[in-house]
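Each remark here refers to the structure printed beneath this line.
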Amino acid sequence: MEMVTSSQSRNRRRLMLVVPLLILAAAIIVGAVVVGRDTGIVGGDPPAWAAALGGVLQLGGLALTIATLVWLVRSGRFRADRESLLRRLHPSDTRSLQQQVRRGAPQDDADFGLLRAAARTMINQSWYSMVLLGFVISSFGQVLLKFTPLFTGLFAVMATLGVGAVAFSFRDASRAKAFLCAHPEPEEQESHD
(Lines give C-alpha, C1' and ligand atoms only; values in the text may rest on other atoms or scores of the structure.)
Protein backbone atom coordinates (compact mmCIF):
# COMPACT_ATOMS: atom_id res chain seq x y z
CA MET A 1 0.00 0.00 0.00
CA GLU A 2 2.85 2.34 0.86
CA MET A 3 4.53 1.74 -2.52
CA VAL A 4 1.34 2.58 -4.41
CA THR A 5 0.93 5.80 -2.46
CA SER A 6 4.50 6.95 -3.15
CA SER A 7 4.09 6.05 -6.82
CA GLN A 8 0.85 8.00 -6.99
CA SER A 9 2.39 11.03 -5.28
CA ARG A 10 5.38 10.89 -7.63
CA ASN A 11 3.06 10.80 -10.64
CA ARG A 12 1.07 13.69 -9.17
CA ARG A 13 4.26 15.74 -8.72
CA ARG A 14 5.28 15.03 -12.32
CA LEU A 15 1.86 16.11 -13.53
CA MET A 16 2.10 19.29 -11.46
CA LEU A 17 5.38 20.06 -13.26
CA VAL A 18 4.38 19.08 -16.79
CA VAL A 19 1.02 20.89 -16.91
CA PRO A 20 2.44 24.38 -16.14
CA LEU A 21 5.25 23.82 -18.64
CA LEU A 22 2.74 22.92 -21.36
CA ILE A 23 0.60 25.93 -20.48
CA LEU A 24 3.68 28.17 -20.65
CA ALA A 25 4.65 26.76 -24.07
CA ALA A 26 1.11 27.29 -25.39
CA ALA A 27 1.06 30.85 -24.01
CA ILE A 28 4.36 31.63 -25.75
CA ILE A 29 3.04 30.31 -29.05
CA VAL A 30 -0.24 32.21 -28.80
CA GLY A 31 1.54 35.37 -27.65
CA ALA A 32 4.00 35.19 -30.54
CA VAL A 33 1.20 34.75 -33.06
CA VAL A 34 -0.81 37.66 -31.61
CA VAL A 35 2.17 40.00 -31.27
CA GLY A 36 3.46 39.00 -34.69
CA ARG A 37 0.10 39.59 -36.35
CA ASP A 38 -0.42 42.95 -34.64
CA THR A 39 3.04 44.27 -35.51
CA GLY A 40 3.11 43.01 -39.09
CA ILE A 41 6.39 41.09 -38.69
CA VAL A 42 4.91 37.62 -39.06
CA GLY A 43 6.07 37.59 -42.68
CA GLY A 44 9.67 37.07 -41.56
CA ASP A 45 11.03 40.65 -41.54
CA PRO A 46 12.42 41.18 -38.05
CA PRO A 47 13.66 44.55 -36.81
CA ALA A 48 17.39 45.17 -37.18
CA TRP A 49 18.08 44.66 -33.47
CA ALA A 50 16.31 41.28 -33.51
CA ALA A 51 18.21 40.11 -36.58
CA ALA A 52 21.53 41.11 -35.02
CA LEU A 53 20.71 39.51 -31.67
CA GLY A 54 19.42 36.39 -33.43
CA GLY A 55 22.67 35.96 -35.34
CA VAL A 56 24.72 36.43 -32.18
CA LEU A 57 22.59 33.91 -30.27
CA GLN A 58 22.85 31.36 -33.06
CA LEU A 59 26.63 31.65 -33.11
CA GLY A 60 26.77 31.65 -29.30
CA GLY A 61 24.65 28.51 -29.07
CA LEU A 62 26.76 26.78 -31.69
CA ALA A 63 29.95 27.81 -29.88
CA LEU A 64 28.58 26.50 -26.56
CA THR A 65 27.65 23.18 -28.17
CA ILE A 66 31.06 22.73 -29.79
CA ALA A 67 32.96 23.86 -26.69
CA THR A 68 31.00 21.44 -24.51
CA LEU A 69 31.64 18.53 -26.86
CA VAL A 70 35.37 19.35 -27.00
CA TRP A 71 35.49 19.65 -23.21
CA LEU A 72 33.68 16.32 -22.76
CA VAL A 73 36.18 14.57 -25.02
CA ARG A 74 39.26 16.27 -23.55
CA SER A 75 38.20 15.75 -19.93
CA GLY A 76 37.75 12.02 -20.51
CA ARG A 77 34.05 12.01 -19.67
CA PHE A 78 33.09 10.89 -23.17
CA ARG A 79 35.53 7.96 -23.08
CA ALA A 80 34.43 7.02 -19.56
CA ASP A 81 30.85 6.72 -20.76
CA ARG A 82 31.89 4.65 -23.77
CA GLU A 83 33.97 2.27 -21.64
CA SER A 84 31.41 1.96 -18.87
CA LEU A 85 30.35 -1.45 -17.60
CA LEU A 86 26.76 -0.42 -18.31
CA ARG A 87 27.34 -0.69 -22.07
CA ARG A 88 27.28 -4.48 -21.75
CA LEU A 89 23.90 -4.51 -20.04
CA HIS A 90 20.44 -4.50 -21.55
CA PRO A 91 18.86 -1.01 -21.47
CA SER A 92 16.13 -2.17 -19.07
CA ASP A 93 18.80 -3.40 -16.64
CA THR A 94 20.57 -0.04 -16.89
CA ARG A 95 17.31 1.80 -16.17
CA SER A 96 16.74 -0.44 -13.15
CA LEU A 97 20.20 0.41 -11.82
CA GLN A 98 19.61 4.11 -12.39
CA GLN A 99 16.30 3.95 -10.53
CA GLN A 100 18.03 2.30 -7.57
CA VAL A 101 20.64 5.07 -7.58
CA ARG A 102 17.96 7.81 -7.82
CA ARG A 103 16.06 6.38 -4.88
CA GLY A 104 19.23 5.70 -2.89
CA ALA A 105 17.85 2.29 -2.00
CA PRO A 106 19.67 -0.59 -3.66
CA GLN A 107 18.04 -4.00 -3.77
CA ASP A 108 19.28 -6.67 -1.41
CA ASP A 109 21.10 -8.60 -4.16
CA ALA A 110 22.48 -5.46 -5.85
CA ASP A 111 25.93 -5.40 -7.42
CA PHE A 112 27.45 -2.26 -5.91
CA GLY A 113 30.11 -2.12 -8.62
CA LEU A 114 27.40 -1.72 -11.25
CA LEU A 115 25.44 0.72 -9.09
CA ARG A 116 28.53 2.89 -8.60
CA ALA A 117 29.18 2.72 -12.37
CA ALA A 118 25.58 3.83 -12.99
CA ALA A 119 26.01 6.71 -10.54
CA ARG A 120 29.26 7.85 -12.18
CA THR A 121 27.59 7.68 -15.61
CA MET A 122 24.66 9.76 -14.35
CA ILE A 123 27.10 12.39 -13.07
CA ASN A 124 29.00 12.46 -16.37
CA GLN A 125 25.85 12.61 -18.45
CA SER A 126 24.58 15.69 -16.66
CA TRP A 127 27.17 17.65 -18.60
CA TYR A 128 25.62 16.54 -21.90
CA SER A 129 22.71 18.81 -21.07
CA MET A 130 25.00 21.75 -21.88
CA VAL A 131 24.89 20.57 -25.51
CA LEU A 132 21.11 20.74 -25.35
CA LEU A 133 21.32 24.21 -23.83
CA GLY A 134 23.44 25.29 -26.82
CA PHE A 135 20.73 24.01 -29.17
CA VAL A 136 18.06 25.93 -27.24
CA ILE A 137 20.07 29.15 -27.48
CA SER A 138 20.57 28.58 -31.22
CA SER A 139 16.88 27.96 -31.75
CA PHE A 140 16.04 31.20 -29.89
CA GLY A 141 18.39 32.98 -32.28
CA GLN A 142 16.50 31.38 -35.16
CA VAL A 143 13.22 32.68 -33.72
CA LEU A 144 14.63 36.20 -33.63
CA LEU A 145 15.91 35.90 -37.20
CA LYS A 146 12.66 34.58 -38.70
CA PHE A 147 9.87 36.01 -36.54
CA THR A 148 7.37 33.39 -37.65
CA PRO A 149 4.87 31.45 -35.54
CA LEU A 150 6.38 28.16 -36.74
CA PHE A 151 9.85 28.93 -35.40
CA THR A 152 8.37 30.40 -32.23
CA GLY A 153 6.36 27.24 -31.65
CA LEU A 154 9.39 25.05 -32.31
CA PHE A 155 11.43 27.13 -29.90
CA ALA A 156 8.73 26.90 -27.21
CA VAL A 157 8.64 23.13 -27.50
CA MET A 158 12.41 22.78 -27.57
CA ALA A 159 12.91 25.21 -24.70
CA THR A 160 10.33 23.39 -22.57
CA LEU A 161 11.93 20.03 -23.25
CA GLY A 162 15.41 21.45 -22.81
CA VAL A 163 14.74 23.10 -19.48
CA GLY A 164 13.08 19.93 -18.21
CA ALA A 165 15.96 17.74 -19.40
CA VAL A 166 18.59 20.02 -17.86
CA ALA A 167 16.74 20.15 -14.54
CA PHE A 168 16.24 16.39 -14.40
CA SER A 169 19.83 15.60 -15.41
CA PHE A 170 21.33 17.83 -12.71
CA ARG A 171 18.85 16.50 -10.16
CA ASP A 172 19.89 12.95 -11.08
CA ALA A 173 23.56 13.95 -10.85
CA SER A 174 23.10 15.29 -7.31
CA ARG A 175 21.27 12.12 -6.31
CA ALA A 176 24.08 10.04 -7.85
CA LYS A 177 26.69 12.02 -5.89
CA ALA A 178 24.72 11.39 -2.70
CA PHE A 179 24.55 7.69 -3.56
CA LEU A 180 28.33 7.53 -4.09
CA CYS A 181 28.89 9.24 -0.74
CA ALA A 182 26.52 6.84 1.02
CA HIS A 183 27.98 3.75 -0.68
CA PRO A 184 31.74 4.27 -1.17
CA GLU A 185 34.13 1.80 -2.76
CA PRO A 186 35.14 -1.04 -0.38
CA GLU A 187 38.80 0.10 -0.23
CA GLU A 188 37.64 3.66 0.56
CA GLN A 189 35.62 2.31 3.51
CA GLU A 190 38.65 0.42 4.87
CA SER A 191 40.87 3.50 4.57
CA HIS A 192 38.34 5.57 6.56
CA ASP A 193 38.11 3.00 9.37
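The values are calculated or read from the model by the stated rules, or taken from the named source; none is laboratory data. Just so we're clear, the structure is a prediction, and the values are computed from it rather than from any experiment. Cβ sites come from the backbone with ideal geometry, for glycine too, and all protein chains shown count toward neighbours. Note: accessible area is taken over every heavy atom of the protein model, side chains too, but ligands, DNA and RNA are not part of it. Shrake-Rupley method; radii C 1.70, N 1.55, O 1.52, S 1.80 Å.
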Hey, VAL35 at pLDDT below 75, among the hydrophobic types (A, V, I, L, M, F, W, C) and either surrounded by 13 or more Cβ atoms within 10 Å (Cβ to Cβ) or in contact with a strand residue (DSSP E or B) (Cβ under 8 Å, 6 or more places away or on another chain) (or both) or not: yes
Segments classed as helices (runs of 4 or more DSSP H), wholly inside the range 84-193, with at least 3 members that are within 26 Å of ILE66 (Cα to Cα): 112-125, 129-146, 149-182
Candidate set: the range 46-56, residues that are open to solvent by 40 Å² or more (accessible area, probe 1.4 Å) and either part of a helix (DSSP H, G or I) or in contact (Cβ under 8 Å) with a residue 12 or more places away in the chain (or both); chosen: the one nearest to SER129 (Cα to Cα): VAL56
Residue match in the range 139-152 (condition: more than 15 Å from PRO46 (Cβ to Cβ), open to solvent by 40 Å² or more (accessible area, probe 1.4 Å) and more than 11 Å from the chain's Cα centre (by Cα)): no
Filter result for the condition that a residue is at pLDDT 80 or above and touching a Ser or Thr at 6+ places or on another chain (Cβ under 9 Å), over LEU53, LEU62, LEU22: LEU62
Residues (open to solvent by 50 Å² or more (accessible area, probe 1.4 Å) and in contact (Cβ under 8 Å) with a residue 60 or more places away in the chain) located in the range 118-127: ARG120
Which numbered condition GLY162 misses (of (1) without any contact (Cβ under 8 Å) to a residue 40 or more places away in the chain; (2) surrounded by fewer than 19 Cβ atoms within 10 Å (Cβ to Cβ)): (2)
Check on ALA67, at pLDDT 85 or above, assigned to a helix (DSSP H, G or I) and either under 16 Å from GLY141 (Cα atoms) or open to solvent by 80 Å² or more (accessible area, probe 1.4 Å) (or both): no
Verdict on ASP193 being over 23 Å from ILE23 (Cβ atoms), at pLDDT 85 or above and among the charged types (D, E, K, R): no
Single match in LEU97, LEU115 (criterion: free of Cβ contacts under 8 Å to residues at least 40 places away in the same chain and among the aliphatic types (A, V, I, L, M)): LEU97
Only listed residue being closer than 26 Å to PRO20 by Cβ and touching a Pro at 6+ places or on another chain (Cβ under 7 Å), chosen from LEU144, LEU154, LEU161: LEU144
Residues of the range 70-84 satisfying the condition of being surrounded by 16 or more Cβ atoms within 10 Å (Cβ to Cβ) and either of a type in the set (Phe, Trp, Tyr) or farther than 29 Å from VAL136 by Cα (or both): PHE78
Any hit, the range 174-181, residues being within 16 Å of the chain's Cα centre (by Cα), among the charged types (D, E, K, R), closer than 29 Å to LEU62 by Cβ and modelled with pLDDT of 80 or more: no
